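Here's the structure we're looking at; comments come further down.
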Amino acid sequence: MNPKMIRSLKAFTRTVELNSMSAAANELHMTVSAISQQLQRLENDNGISLFHRNTRSLSLTEAGQVFYQSCLDMLAIAAKNQERWDQLTNQPQGQIKIIAPVGFGGGLLSEPLKQLQDEFTNVSFQLHMTDEPIDLITAGADLAIRIGPL
């Protein structure tokens, strides 16, 4: 989701929850003017008034109440999406296809692969053992161990 849109949605939801632009500005490390501009942009983009405003109070319009519920849903989805992206970039996951000679399977690779599997639980290893020549690109190998002249 667009970071500017997320910022506007956060400004709106915190203003509603705190019932104050200045409290929302303080919490979000923004100025009251910046909060006001974010809210104005949301209203202009959607063509609706979100708040009844006067000099002393702020209250949601009917459209503002509906929009507030939608914002909570959108922010929850954005947060979950960010969490998933963080998981993808911070922790290895997926499958690694390894092709090795038959003699490597029983002893030489079993312990290192077990250690890797224990350390990286979201990674699975597919070990294909063969002494036959294989086109590594077609086979989709991530790692190949070969013995013989280069």
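No lab work stands behind these numbers, since they all come straight from the coordinates. Quantities reported herein were computed from a predicted structural model and do not represent experimental measurements. Positions of Cβ are generated from backbone atoms using ideal geometry, with glycine treated the same way; all protein chains shown enter the neighbour counts.
Quickly work out the L113-to-Q65 label distance, labels modelled 7 Å from Cα along the C-beta direction, and quote it in nm with one decimal.
That separation, rounded to one decimal, is 6.1 nm.
Run through the DSSP bridge list for the chain and note the antiparallel percent, rounded to the nearest 5.
Close to 25 percent.
Please list, in order along segment 10-15, the HN-Hα scalar couplings obtained from phi with the Karplus expression 6.51 cos²θ - 1.76 cosθ + 1.60 (θ = phi - 60°), rounded to whole Hz, x for Gly and Pro.
My calculation for segment 10-15 gives 5, 4, 5, 5, 5, 5 Hz in order.
K114: which aspartates and glutamates have alpha carbons under 15 Å from its alpha carbon, excluding same-chain residues fewer than 8 sequence positions away?
none
Could you give the radius of gyration (one decimal) and Dmax (whole number) of the Cα atoms in the chain, in Å?
Radius of gyration, then largest Cα-Cα span, for the chain: 27.5, 84 Å.
I want to verify a result. In a Gaussian network model of the chain, Cα cutoff 10 Å, which of these has the top mean-square fluctuation: R56, R84, R41?
R56
Treating the beta-carbon of each Lys and Arg as +1 and of each Asp and Glu as -1, no other charges, what is the dipole magnitude of the chain about its Cα centre, to the nearest 20 debye?
Here the chain has a charge dipole of around 760 debye.
Cross-link candidates for K10: which lysines have Cα within less than 16 Å, leaving aside residues fewer than 8 places away along the same chain?
Cα-Cα hits under 16 Å: K80.
On a 0 to 90 degree scale, rounded to 10, what angle separates helix 110-119 from the longest Cα axis of the chain?
Its long axis makes an angle of about 10 degrees.
Give the cross-link partners of K97 among the aspartates and glutamates, using a straight C-alpha distance below 18 Å as the criterion and excluding same-chain residues fewer than 8 apart.
Leaving aside aspartates and glutamates fewer than 8 places away in the same chain, those within reach of K97 are E111, D118, E119, D131, E132, D135, D142.
Where Lys and Arg each count +1 and Asp and Glu each count -1, what net charge lies around R7 among other residues with Cβ under 12 Å from its Cβ?
Net local charge, R7 excluded: +4.
In nm, what is the difference between 0.36 nm times the number of residues separating D142 and S36 and their Cα-Cα distance?
Separation in residues times 0.36 nm, less the Cα-Cα distance, equals 32.9 nm.
Given contacts defined as C-alpha pairs under 8 Å and at least six residues apart, what's the relative contact order of the chain, whole-number percent?
So the answer I get is 19 percent.
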